[in-house]
Every structure is written in structure tokens, then in C-alpha cells.
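To start, the structure itself, in C-alpha cells.
The values are calculated or read from the model by the stated rules, or taken from the named source; none is laboratory data. Being a predicted model, the structure only gives us computed values, none of them experimental. With ideal geometry, Cβ positions are generated from the backbone for all residues, glycine too; neighbour counts draw on all protein chains shown.
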Amino acid sequence: MTLIKSISGIRGTIGNLPNSNLTPLDIVRYTSAYAMWLKGKAHGRLTVVTGRDARISGPMVHSLVNHTLVGMGIDVIDLGLSTTPTVAISVPMENADGGIIITASHNPKKWNALKLLNEAGEFIDSNAGSKIIDLAQAEKFSYAEIDNLGTISENSNYLDKHINATVSLKYVNKIDIKKAKFKVVVDGVNSSGGVIIPKLLDALNVEVVKIHCTPNGDFPHNPEPLEENLKDLCEAVVINKADFGIAVDPDVDRLVFVDEKGKSFGEEYTLVACADFILSKKIGPTVSNLSSTRALADITNKLGGSFTASAVGEVNVVIEMKRVGAIIGGEGNGGIIYPDIHYGRDALVGVALFLSLLVERKKSVSDIRASYPSYFMSKNKIILKNEVDVAQIFKTIKRKYRNNDMSTVDGLKIDFSEEWIHLRKSNTEPIIRVITEAKTQVSADDLAKKFINEIKQLF
């Protein structure tokens, strides 16, 4: 069982022992620490928005979070069953001081987590995360006296507000989408995506076939929206003769498509397609992380924009997007970040932009995918021994490949003419992650094996 304390929040498996798992004591401790951090930034009455995905432990964790905030003298706006991007957009709309999303994202049902937001509805940065961890460990909390307790108010309108904000975006072609009368299969992995994605599609006059859309938290398959987990969706698209399929993760910040033939569009290509559409409307910078496909850079450069890569992690992508003024960005895990609505991964925006691309190009989903450069990835890891000096290993590899383009923004990434490798030391496990991309799967696998062998020889 596991408890992971990171800069963006706390994540762990439900039950068992405090400090080793996500128990009620840990939930209260870290919610209290977050509240103390907020109080250190602002004076007067504070407000925090909370919401949760549909996982089984959600109501328990959510109740503990809400009432801990009340005990700290903070008012709570409770969105109930919601999504990560919905809570994110609600924070500035409510002029709140922060937000907490109760979700373990793509992790299995035994996991849950607290995702922590600042007053802009964006994930807290590393400095804030470190302060909150320190406050939690110190446990020097000061709770409100009886006359200063917070209050809880419920607001169930934000799913609709999120949908309205999405379909009202400038480049979302809702008129032609409604005329097209698409038929789409949705796999909501029995979480909140099974509620909000069909509602979004209904608003756009799209016929919806639902599978796994009962928000009971009983995930019918591994909830990470990867090709190997989407067999039911692929089959349902073909059986129902749908135009395409949609899969999201439990908190609806990752988005994957399946084409009309029941074949995965590829999670890396969700951002590529959405960026292709936005770049056809206006030229500007795009951003993804160092472990995302080169296809985004190819499309961006082809259409006259400029591409930059950030360190891995949504917070880092957002920082880089703001720095360069990116018009769209995200991560290769199916995460779309579109600043015109908010700086956070948002599957609703991805769906709306993808539908707009389809009605504009008048092509099938498989033809759209075939129009993009094709790359293949290999994702591996090297288990480390305690005495291994990873910094020295990276230094040696860097020296050997010094004539190639490379980045040390996050670990070590080396670019070759038609392929690349990204080496990163994990912050939570004794491993080096080895990610490669090439023109064929065999080439990507071979490149990974080559570097794994070279690195193991340096142990």
C-alpha cells in the first residue's frame, strides 16, 4: 500500500496505517496544511471550492475535506460529483481562494487523492507544494473557534456552466457540428466523464451511445485511457457504426479517441489534432512536455508556429505556455490545455475542438489520423540499486552523445534525426524512466534497449 506526497497534492491507497496510506488522519492532516497555507497568503474570510470524481471512496474523502475546511474557518462551495477541469474553472468564477479536487485521476479504484488548486484554479507550484508538505509534517494547526467555523454551500450547476463555456469558445463550430449529426460512443469508465461528456455531446446534437457511464466508481477496466484498456470501446464503435469513440479517465482531464474502424487514434495524437485545428485559425506557439510526440512540433512548424518543450508535469507545461504565450498546449497522455478557457487539461475542450476539426475537414477520423506524421513510442524503466549515482550516469551519457541536440530541462533528452530518447529519474521510485520515439515500433524498442544496456554497464 502507498502514500505519495508530491508538490501538487497527496495521493495514496485507501485504508490501513496512517503515514503509509491515505487514511482519514492523512486526509485531515493535509487538508489542514493546505488551509494553513491559504491563511498565510490571505486575510479575512476564505473560500475553497471542492469536487470529486465517482470513485467509491470519494464521498468519504470529500466529507472529511469539507468538514476539515469548515473546522479551519473556511467556507466551502461543494460541487459534488464533478471533474478536475470543472472545479478548476469554478474557482475564479466564484472568486474563491483555492480548490481541492478529490480524485486519483487514472489510478485504480483503491487509490484516491487531493489535487490542490490556487486562486486561479491552477495546480499549485512546487514552492507552495513544499510549504504544504512541511506544514503537514509539523502538525502545528490552529482551528477556528465556534463563532468562526466555516460553512458549506452546495452548487450543482457547474457541469452545465463548464459545458456552456466550452461550446461558447470562439473556434468551436457548434452550428456545423449540430448539422453533422455525428454518432459517438462514450466510455466514461463509470465515473463523472460518463455524465458530463454525454451532456456536452447532447448540447451539440451528437447521438451518444454510452458504455460504462454509470458514475458508481466501479471501474470496468483499468481506468487509464490507453489502447490496451479500451477493447469494449473499440468493439462498440464498430458494432454501433459510430463515427468515432471517446474515452476519458475518471476525472476527465485526459482524452482519447477511437476511429470509425475501432482503432485507437493514439493518446499522443489527441493534442496533435486539436493543435492542428487551432493553428489553422491562428498562428502561434505550442507547448508539450519532453516525453510527448514529435508530431506536435512537426505540425506546428509546418503551419508556421513555434514549438517548445517543457519538463514533464502539467504545472511545468502551464509555466512554459505562459512564458511563450502558447495558443494551445498539453501533454501526450491526451491532456489538452487551451488558455482561452483555462490553464488546465480539459477533455471537454478537446472533444469540442476535435468535432470542429472533423466538420471543417469533412474527413473520417481514420483519414484525419493518417494525415499526421506517424511515430511510435517505447516506454521502459531501469530499476536502480541504492549506490547508483544517476547524475554521474547522465553526465557520462551526455558526454558520449555531445554532438547531438539534447535537453537537460528534465533529466536528459537526446534528439536524433528520426528518433529521440528521454531519460528521467523518478521522484517516487528507485528507477530511471526510459522513453523513446521513432518511425517504427521496432526502432523505438531497439533504441530503448541500446540505452538500457549502455546505462546498466555504468552501474
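I'm trying to understand the selection: among the residues of segment 3-45, which are free of Cβ contacts under 8 Å to residues at least 60 places away in the same chain and touching a strand residue (DSSP E or B) at 6+ places or on another chain (Cβ under 7 Å)?
Of everything in segment 3-45, those that are free of Cβ contacts under 8 Å to residues at least 60 places away in the same chain and touching a strand residue (DSSP E or B) at 6+ places or on another chain (Cβ under 7 Å) turn out to be LEU3, ASN19, SER20, ASN21, ASP26, ARG45.
Mind checking which residues of segment 383-440 are of a type in the set (S, T, N, Q) and within 25 Å of THR308 (Cβ to Cβ)? Steps first, answer last, please.
So in segment 383-440, the residues of a type in the set (S, T, N, Q) come out as 386, 392, 396, 403-404, 407-408, 417, 426-428, 436, 440.
Passing the criteria: ASN403, ASN404, SER407, THR408, SER417, SER426, ASN427, THR436.
Residue under question is LYS210, and the condition is that it be out of contact with any strand residue (DSSP E or B) (no Cβ under 6 Å at 6 or more places or on another chain) and of a type in the set (Lys, Arg); does it hold?
no
Restrict the check to segment 294-315 and report whether at least one residue is under 15 Å from the mean Cα position of the chain (by Cα), surrounded by fewer than 21 Cβ atoms within 10 Å (Cβ to Cβ), of a type outside the set (Val, Ile, Thr) and on the phi < 0 side of the Ramachandran plot.
yes
Quick check on my filter: what residues within segment 356-378 are closer than 23 Å to LYS439 by Cα and in contact (Cβ under 8 Å) with a residue 60 or more places away in the chain? Let's see the steps before the verdict.
Step one: of segment 356-378, the residues closer than 23 Å to LYS439 by Cα are 365-378.
Listed by number, the residues that qualify are VAL365, SER366, ILE368, ARG369, TYR372, PRO373, SER374, TYR375, PHE376, MET377, SER378.
Go through segment 293-312 and give me each residue that's farther than 19 Å from GLY325 by Cβ and hydroxyl-bearing (Ser, Thr, Tyr). Talk me through it step by step, then tell me what you get.
First, pick out the residues of segment 293-312 that are farther than 19 Å from GLY325 by Cβ: 293-295, 298, 302, 312.
Passing the criteria: only THR293.
Just to check your reading of the model, which residue among LEU38, LEU81, LEU17, LEU46 is under 26 Å from PRO215 (Cα atoms) and among the aliphatic types (A, V, I, L, M)?
Exactly one residue qualifies, and that residue is LEU81.
Looking at VAL167, VAL185, VAL172, VAL189, which is the one that is under 23 Å from HIS106 (Cβ atoms), among the aliphatic types (A, V, I, L, M) and out of contact with any Asp or Glu (no Cβ under 8 Å at 6 or more places or on another chain)?
On the way: VAL167 fails: under 23 Å from HIS106 (Cβ atoms); VAL172 fails: under 23 Å from HIS106 (Cβ atoms); VAL189 fails: out of contact with any Asp or Glu (no Cβ under 8 Å at 6 or more places or on another chain).
Going through VAL167, VAL185, VAL172, VAL189 in turn, the sole match is VAL185.
Residues that are charged (D, E, K, R), in contact with a strand residue (DSSP E or B) (Cβ under 9 Å, 6 or more places away or on another chain), part of a helix (DSSP H, G or I) and assigned by TED's automatic domain parsing to the domain that holds LYS282: does segment 323-343 have at least one?
The answer is yes; a qualifying residue exists.
Examine segment 386-407 for a residue that is among the small types (Gly, Ala, Ser), in a helix (DSSP H, G or I), closer than 30 Å to CYS274 by Cα and without any contact (Cβ under 8 Å) to a residue 12 or more places away in the chain, and state whether such a residue exists.
no
Quick check on my filter: what residues within segment 6-24 are surrounded by fewer than 19 Cβ atoms within 10 Å (Cβ to Cβ) and modelled with pLDDT under 90?
Correct list: SER6 only.
Mind listing just one residue for me: the one in segment 49-60 that is crowded, with 24+ Cβ neighbours inside 10 Å and of a type outside the set (Asp, Glu) and, of those, nearest to CYS213 (Cα to Cα)?
The extreme case among them is ALA54.
Return only the number of the condition from (1) farther than 23 Å from GLU418 by Cα; (2) not assigned by TED's automatic domain parsing to the domain that holds GLY194 that ASN380 does not satisfy.
(1)
Within segment 432-459, restricting attention to residues that are in a strand (DSSP E or B) and of a type outside the set (Lys, Arg), which residue is farthest from TRP420 (Cα to Cα)? Reasoning before the result, please.
Start the filter on segment 432-459 by keeping residues that are in a strand (DSSP E or B), which leaves 432-438.
Adding the requirement that they be of a type outside the set (Lys, Arg) leaves 432, 434-438.
Values: ILE432: 16, VAL434: 11, ILE435: 8, THR436: 6, GLU437: 6, ALA438: 7 Å.
So the residue we want is ILE432.
Against the conditions (1) out of contact with any strand residue (DSSP E or B) (no Cβ under 8 Å at 6 or more places or on another chain); (2) touching a residue at least 60 places away in the same chain (Cβ under 8 Å), where does LYS199 fall short? Just the number, please.
That leaves (2) as the condition not met.
Report yes if some residue within segment 331-347 is touching a residue at least 12 places away in the same chain (Cβ under 8 Å), more than 29 Å from ILE414 (Cα to Cα) and among the hydroxyl-bearing types (Ser, Thr, Tyr); otherwise report no.
No - not one qualifying residue is present in segment 331-347.
Condition first: modelled with pLDDT of 95 or more, buried (at least 17 other Cβ atoms within 10 Å of the Cβ) and closer than 23 Å to PRO285 by Cα. Can you find one or more residues in segment 361-370 that meet it?
Filtering segment 361-370 for residues modelled with pLDDT of 95 or more gives 361-370.
With buried (at least 17 other Cβ atoms within 10 Å of the Cβ) added as a condition, the list becomes 365, 368-369.
Subset that is closer than 23 Å to PRO285 by Cα: 368-369.
Yes, segment 361-370 contains at least one residue that is modelled with pLDDT of 95 or more, buried (at least 17 other Cβ atoms within 10 Å of the Cβ) and closer than 23 Å to PRO285 by Cα.
Checking ILE152 against (1) in the same structural domain as ASP251 (by TED's automatic domain parsing); (2) within 30 Å of ASN216 (Cα to Cα), which test does it fail?
(1)
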